[in-house]
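Asks: Sharing a structure here in structure tokens format.
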Amino acid sequence: MAIPRIIVCLVCLILCSQQTLIAAETKAKPNFIVIFADDLGYGDLECFGHPKFKTPNLNRMAAEGARLTQFNVPVPYCAPSRATLLTGRYPWRHGVWFNPAPDGGRFRSGVGIADSEVLLSEKLKQNGYATICIGKWHLGHDPQYYPTRHGFDDYLGILYSNDMRPVNLIKGEEILEYPVIQANLTKRYTDRAVEFIRENQKRPFFLYLPHAMPHKPLAASEAFYKKSGAGLYGDVIAELDWSVGEIFKTLKELDLDENTFVIFTSDNGPWFGGHTAGLSGMKSTSWEGGLRVPMIARWPGKIPKGQVIDTNCGSIDIFPTILKQAGIPLPTDRVIDGKDLFPVLTEQAKTPHEALYSMKGNFLFTVRSGPWKLHVKQSPRQLLANQGKDWIDPRGPDGVTIIAPYEQAMPDQPPGLLTGDQPGPMMLFNLEDDPGEQHNVAKQNPQVVARLKKLYDQMQTQVPDSIRNFNQKPKKKAASSR
Ligand SMILES: [Ca+2]
């Protein structure tokens with residue numbers, strides 16, 4: 001029996017309109033860009049108070065979006081902070097509580113992000129997103145840990161810090177270049193980022209751009225070297241700022257600006273030569289200078305312009321925030337510590353966290369709740385405090401590629417405050433009254449100490465024994481009594 005032509009036409013029409021609808025939905029999905037600087041201090045940007053560094057593009061980004069002034073990372077160094085950003089979980093859950101290092105000791109190989117972890121890249125890729133990681137990965141450098149095995153379609157970058165050897169530039173899973181010229185890294189990463197946006201302008205994309213800079217050794221390209229008038233560190237910051245400008249220029253040119261949510265932040269506080277804007281400590285310490293980072297969020301039409309948000313939140317929240325905006329449910333088979341930040345960014349909502357925690361090595365260190373911060377464990381305010389002026393940062397890459405070795409910052413350029421009460425365990429600070437963590441007020445506030453310690457103890461029960469007891473020597477077997 002012949003099917004009447006009118007019915008065939010109607011079926012075609014319905015199918016076509018469904019196709020159009022699917023295409024429209026795919027196009028309507030927002031794009032996500034996370035720009036993640038390495039060791040960029042809370043005070044390293046002009047819009048966060050740096051007196052010399054100029055960051056016009058980031059200033060504009062902040063003016064057109066939200067600048068967050070109480071944004072924390074859970075660990076004051078690289079790898080754990082990155083795994084938290086991509087999983088929304090504390091290091092004692094995702095398991096990367098150390099820095100994998102190909103030239104290091106016990107974390108030289110066989111360590112990295114577990115297959116069982118669910119990464120932002122994996123979720124977005126499964127939902128039709130084009131994904132790329134450009135820059136420092138640091139979640140393992142054996143093939144099973146490569147970004148391309150964890151949800152990224154493509155990768156360009158150094159798999160670990162730019163001071164670890166060998167400094168290979170990897171494309172996909174192959175070595176593209178060795179040794180890499182570090183001075184060109186920011187430019188090369190930016191060029192690839194712009195190219196990726198162009199390639200994927202007609203489909204939703206996730207661009208994860210964890211820059212190498214300003215992690216030491218610092219290096220800037222010819223166009224920026226000695227141009228900022230604020231030293232090599234200033235040159236490096238100016239080039240990062242240029243990079244951000246190139247990305248926004250591309251989004252605007254391709255008419256993607258209003259459909260793209262862009263986040264700019266850092267993985268931890270600064271090393272020598274950086275700036276904490278009056279916070280105490282530095283990278284690798286649990287003082288605010290180590291844990292608080294600059295954060296700017298911009299999405300025209302969604303995030304109101306010109307906001308300064310002082311709500312307690314952190315990098316742990318990026319995973320659930322982005323997934324919510326992508327319309328992708330959170331995994332339900334595991335604890336996700338982060339919370340959706342969109343109400344904070346758009347409606348000035350209160351913090352979604354009763355408390356935020358920090359870790360150093362295999363220990364929980366601090367707990368933050370409201371204005372209060374309890375240092376349960378003791379952390380120094382400065383590392384390598386007694387080095388002389390002729391000290392050279394040993395954190396160089398392969399000798400053949402080090403740029404400007406004598407211009408790297410020295411320990412006589414501490415990034416944060418070194419003053420204040422002598423560090424010790426169980427110190428309490430009110431960060432509203434005392435943002436520089438100068439005066440321990442534990443004795444005056446025993447109830448606050450008790451409340452925060454209880455929160456700490458509760459979280460401590462969730463840290464697996466394998467992590468908590470990592471450094472303990474195995475107990476000797478009791479002698480047989482026969
Ligand atoms: Ca870092």
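Asks: Please pick out the residue among Arg198, Arg106, Arg192 that is surrounded by fewer than 16 Cβ atoms within 10 Å (Cβ to Cβ) and either touching a strand residue (DSSP E or B) at 6+ places or on another chain (Cβ under 6 Å) or not in a loop (DSSP other than H, G, I, E, B) (or both).
Replies: Working: Arg106 fails: either touching a strand residue (DSSP E or B) at 6+ places or on another chain (Cβ under 6 Å) or not in a loop (DSSP other than H, G, I, E, B) (or both); Arg192 fails: surrounded by fewer than 16 Cβ atoms within 10 Å (Cβ to Cβ).
Arg198 is the lone residue from the list that is surrounded by fewer than 16 Cβ atoms within 10 Å (Cβ to Cβ) and either touching a strand residue (DSSP E or B) at 6+ places or on another chain (Cβ under 6 Å) or not in a loop (DSSP other than H, G, I, E, B) (or both).
Asks: What's the number of the only condition in (1) open to solvent by 10 Å² or more (accessible area, probe 1.4 Å); (2) more than 16 Å from the ligand (Cβ to nearest atom) that Gly273 fails to meet?
Replies: Every listed condition holds for Gly273 apart from (2).
Asks: Sticking with this structure for a sec: Could you list, in sequence order, the residues of segment 139-159 that are open to solvent by 10 Å² or more (accessible area, probe 1.4 Å) and assigned to a helix (DSSP H, G or I)?
Replies: Of everything in segment 139-159, those that are open to solvent by 10 Å² or more (accessible area, probe 1.4 Å) and assigned to a helix (DSSP H, G or I) turn out to be Pro143, Gln144, Tyr145, Thr148, Arg149.
Asks: Residue pairs, Cβ under 9 Å, 6 or more apart or interchain, first in segment 256-278 and farther than 12 Å from Phe71 by Cα and modelled with pLDDT under 95, second more than 16 Å from the ligand (Cβ to nearest atom) and open to solvent by 20 Å² or more (accessible area, probe 1.4 Å). List them.
Replies: Phe272/Leu384; Phe272/Met410; Phe272/Asp412; Phe272/Gln413; Phe272/Pro414; Gly273/Gly231; Gly273/Met410; Gly273/Gln413
Asks: Can you tell me which residue among Ser284, Ser315 is open to solvent by 10 Å² or more (accessible area, probe 1.4 Å) and of a type in the set (Gly, Ala, Ser)? Let's see the steps before the verdict.
Replies: Working: Ser315 fails: open to solvent by 10 Å² or more (accessible area, probe 1.4 Å).
Answer to the check: Ser284.
Asks: Continuing with the same structure: Among what's in segment 284-334 and is in contact with a Leu (Cβ under 9 Å, 6 or more places away or on another chain) and among the small types (Gly, Ala, Ser), pick the residue that is farthest from Phe363 (Cα to Cα).
Replies: Among those residues, the one meeting the criterion is Ala326.
Conditions tested, residue by residue: (1) open to solvent by 10 Å² or more (accessible area, probe 1.4 Å); (2) of a type in the set (Lys, Arg); (3) touching a residue at least 60 places away in the same chain (Cβ under 8 Å); (4) part of a helix (DSSP H, G or I).
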{"position": "Phe32", "(1), (2), (3), (4)": "no, no, yes, no"}
{"position": "Phe36", "(1), (2), (3), (4)": "no, no, yes, no"}
{"position": "Tyr42", "(1), (2), (3), (4)": "yes, no, yes, no"}
{"position": "Lys52", "(1), (2), (3), (4)": "yes, yes, yes, no"}
{"position": "Asn59", "(1), (2), (3), (4)": "yes, no, no, yes"}
{"position": "Pro74", "(1), (2), (3), (4)": "no, no, yes, no"}
{"position": "Leu86", "(1), (2), (3), (4)": "no, no, yes, yes"}
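Asks: Give just the number: which of (1) away from the ligand (no atom under 16 Å from the Cβ); (2) part of a loop (DSSP other than H, G, I, E, B) does Asn162 not satisfy?
Replies: Tallying (1) away from the ligand (no atom under 16 Å from the Cβ); (2) part of a loop (DSSP other than H, G, I, E, B), Asn162 fails exactly one: (1).
Asks: For Lys136, only one of the following conditions fails: (1) within 16 Å of the ligand (Cβ to nearest atom); (2) open to solvent by 40 Å² or more (accessible area, probe 1.4 Å). What is its number?
Replies: (2)
The values are calculated or read from the model by the stated rules, or taken from the named source; none is laboratory data. A quick note: this is a predicted structure, and the numbers were derived from the prediction, not measured. Positions of Cβ are generated from backbone atoms using ideal geometry, with glycine treated the same way; all protein chains shown enter the neighbour counts. With ligands, DNA and RNA removed, areas are computed over all heavy atoms of the protein, side chains included. Shrake-Rupley method; radii C 1.70, N 1.55, O 1.52, S 1.80 Å.
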